[in-house]
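K.L.:
Starting off with a structure, shown below.
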Amino acid sequence: MKVTLSVIKADIGGYVGHSESHPDVLEAAREGLAKAKKSGLLIDYCVTKCGDDLELIMTHQSGVENKEVHQLGWDTFCEGTRIAKKLKLHGAGQDLLKDAFSGNVKGLGPGLAEMEFEERVSEPVLIFMADKTSAGSWNMPLYKIFADPFNTIGLVIAENMHNGFIFEVLDVKEHRKILFNTPEEIYDMLVLIGAPSHYAVRAIYHKDTNEIAAVSSTQKLCFLAGRYVGKDDPVCVVRSQGQFPAVGEVLEPFCAPILVEGWMRGSHMGPLMPVSVQDSTPTRFDGPPRVICLGFQLSNGKLIGPRDMFADRSFDLAREEANLMADMMRRHGPFEPHRLPLEQMEYTTMPQVMKKIEGRFQPAED
Ligand code: F6R
Ligand code: MG
Ligand code: MG
C-alpha cells in the first residue's frame with residue numbers, strides 16, 4: 001500500500017527559555033492528532049519534542065502537501081500556542097510567522113519533511129530531529145550515509161546499493177535545485193553541499209529504482225521572516241534496510257560530532273550532540289545543538305515504535321567528544337569560528353548594532 005509520512009515541526013514556546021517543551025503543549029498535540037486518527041485523516045501519529053521544538057510525526061494516505069494534513073499541523077501548533085501563551089512560555093508562537101493558514105504550511109514558519117512511498121514487506125524508517133541548528137545541517141550526515149563507503153559499507157558490498165543514489169540539492173538563496181548522481185559526481189556536489197548555509201540536500205533517491213530514500217526540511221526561517229526569529233531546527237526522514245543503508249549505517253555519522261550553525265542566538269557554531277529524547281534539553285549557553293532519532297517499523301501505515309535510537313550506550317563517547325568540542329569552541333567567546341562569519345550574522349540581531357556605529361566610519365589612509 002502507498003503511505004505518506006509527514007513530519008511537521010515548530011517551536012511554539014520554550015520551557016524554560018529555549019531549553020525544553022512543556023508537557024501540557026505535548027499533551028494537547030497528542031489529543032489533537034488522536035482526534036484526526038479517529039476521524040480517519042491519519043493512520044497513525046507520534047508526538048515528540050527535541051528541545052523547544054514540537055514534532056508531529058504522521059502517517060496517512062493523502063499524499064504529500066495535502067491541505068487537510070497541513071491544516072491539522074497548523075491547527076495543532078495554534079492550539080499549542082494558545083496553551084504556551086496561557087503558561088507564558090518563552091517565545092510562545094515563535095515560529096508561526098503568518099496569522100492565517102493558506103493551504104500549505106510551507107512558507108508559514110513550520111519545518112516540513114514528507115515522502116510518499118509503497119510500503120515494503122519490512123519498512124524501517126528513522127526520523128532525525130534537531131534543535132539549535134539550521135536547515136543544511138543534514139548535508140554531511142546524508143553524504144556519509146548515502147555516498148561515503150567508509151561510513152556505509154553496503155555501497156561497496158551490497159549489490160542493490162552498489163550503483164549509488166541521486167541527491168537533490170536546493171540552493172536556498174536562489175530558490176533553484178540541482179540533481180547529482182553519486183558516486184560519479186561527488187566532487188561537483190561537495191563544492192555545493194560543503195556550504196550548508198547556502199545549499200541543502202533536500203531529497204535522495206535510489207539510482208536503480210528511483211525510490212525516495214530520504215527527505216529533509218529545508219525551510220529557512222530567517223529568509224521567510226527577513227530577520228532572525230529563531231533557528232530552523234530541521235528534521236530529516238531516512239528509509240532503511242534492503243536497498244537502503246542499514247539502520248547502523250544511517251546512525252554511524254553521528255558517532256563523530258560535527259560543528260553546525262545555530263548555537264546561542266543562532267549566531268554560533270557548535271557540535272551536534274546525539275542524545276535521547278529525554279536529554280534533548282539544550283541548556284549550556286543554550287546548547288550545544290542536539291539531534292535525536294526515533295526509529296519505527298511501518299505496518300500498513302501504523303508507526304510501530306518509537307525506538308529512541310540515540311539512547312544507546314554506543315553514543316556515549318560521541319556525547320563526551322561533543323562536550324569537549326563545546327569547550328573548545330566556547331574558548332573563542334565572541335570570535336570566529338565560534339561566532340558565525342560576518343556575512344551570516346546578517347540574519348541575527350547584530351545588524352542593529354552595526355547600524356548604530358555605521359556613521360562613525362572614516363576613510364582610511366592605507
Ligand atoms: C538559539 C536560541 C536561543 C535564543 C536566546 C535569546 O536558537 O533559541 O539561543 O536566541 O536565548 O532568546 P530571546 O531573544 O528569545 O531572549
Ligand atoms: Mg525557541
Ligand atoms: Mg528550537
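K.L.:
Using a 1.4 angstrom probe on heavy atoms only, work out the carbon and sulfur share of the accessible area of region 2-352 in %.
P.N.:
After summing per-atom areas, the C and S share lands at 53 percent.
K.L.:
Then there's this: Using 0.36 nm times the number of residues separating Leu179 and Ala256, minus their current alpha carbon distance, what extension gain do you get?
P.N.:
Working it through step by step, the gained length comes to 25.0 nm.
K.L.:
Continuing with the same structure: Under the rule of at least 5 residues apart or a separate chain, name every residue whose amide H is placed under 5 Å from the amide H of Arg202.
P.N.:
Placed amide hydrogens put Glu168, Val169, Leu170 under 5 Å from Arg202.
K.L.:
Is the shape of region 243-366 rounded, prolate or oblate, going by the alpha carbon gyration tensor and its root eigenvalues a ≥ b ≥ c, with a/c under 1.5 for rounded and a/b larger than b/c for prolate?
P.N.:
prolate
K.L.:
Averaged per residue, what accessible surface does region 173-296 expose to a 1.4 Å probe, in Å²?
P.N.:
On a per-residue basis, region 173-296 sits at 38 Å².
K.L.:
A further question follows. Taking the solvent-accessible surface of protein heavy atoms with a 1.4 Å probe, what is the per residue accessible area of region 18-71 in Å²?
P.N.:
Here the per-residue accessible area is 40 Å².
K.L.:
Still on this model: Assuming a ≥ b ≥ c are the square roots of the Cα gyration tensor eigenvalues, decide whether region 245-290 counts as rounded (a/c under 1.5), prolate (otherwise, with a/b larger than b/c) or oblate.
P.N.:
oblate
K.L.:
Oh, and also: Take the alpha carbon gyration tensor of the chain, find the square roots of its eigenvalues, order them as a ≥ b ≥ c, and report rounded if a/c is under 1.5; if not, report prolate when a/b exceeds b/c, else oblate.
P.N.:
Note, shape of the chain comes out oblate.
K.L.:
Pick from Phe296, Phe146, Phe101: which residue has the top mean-square fluctuation in a GNM of the chain where Cα pairs under 10 Å get a spring?
P.N.:
Phe101
K.L.:
Could you give the length gained on full extension between Ala158 and Leu317, defined as 0.36 nm per residue of separation minus the Cα-Cα distance, in nm?
P.N.:
54.3 nm is the gain from fully extending Ala158 to Leu317.
K.L.:
Ok, one more. Show me the trypsin sites (Lys or Arg not before Pro) within region 173-263 that DSSP assigns to loop and that have at most 11 other Cβ atoms within 10 Å of their Cβ.
P.N.:
Lys173
K.L.:
To continue, here is another question. Please compare each pair in Lys2/Lys144; Lys38/Lys231; Lys49/Lys355; Lys35/Lys98 to a cut-off of 30 Å on the Cα-Cα distance and tell me which ones are over it.
P.N.:
Lys38/Lys231; Lys49/Lys355
The values are calculated or read from the model by the stated rules, or taken from the named source; none is laboratory data. The structure presented is a predicted model; accordingly, all values stated were derived computationally and were not measured. Counting neighbours? That spans all protein chains shown, and the Cβs are built from the backbone with ideal geometry, glycine included. Accessible surface areas use protein heavy atoms only, side chains included; no ligands, DNA or RNA. Shrake-Rupley method; radii C 1.70, N 1.55, O 1.52, S 1.80 Å.
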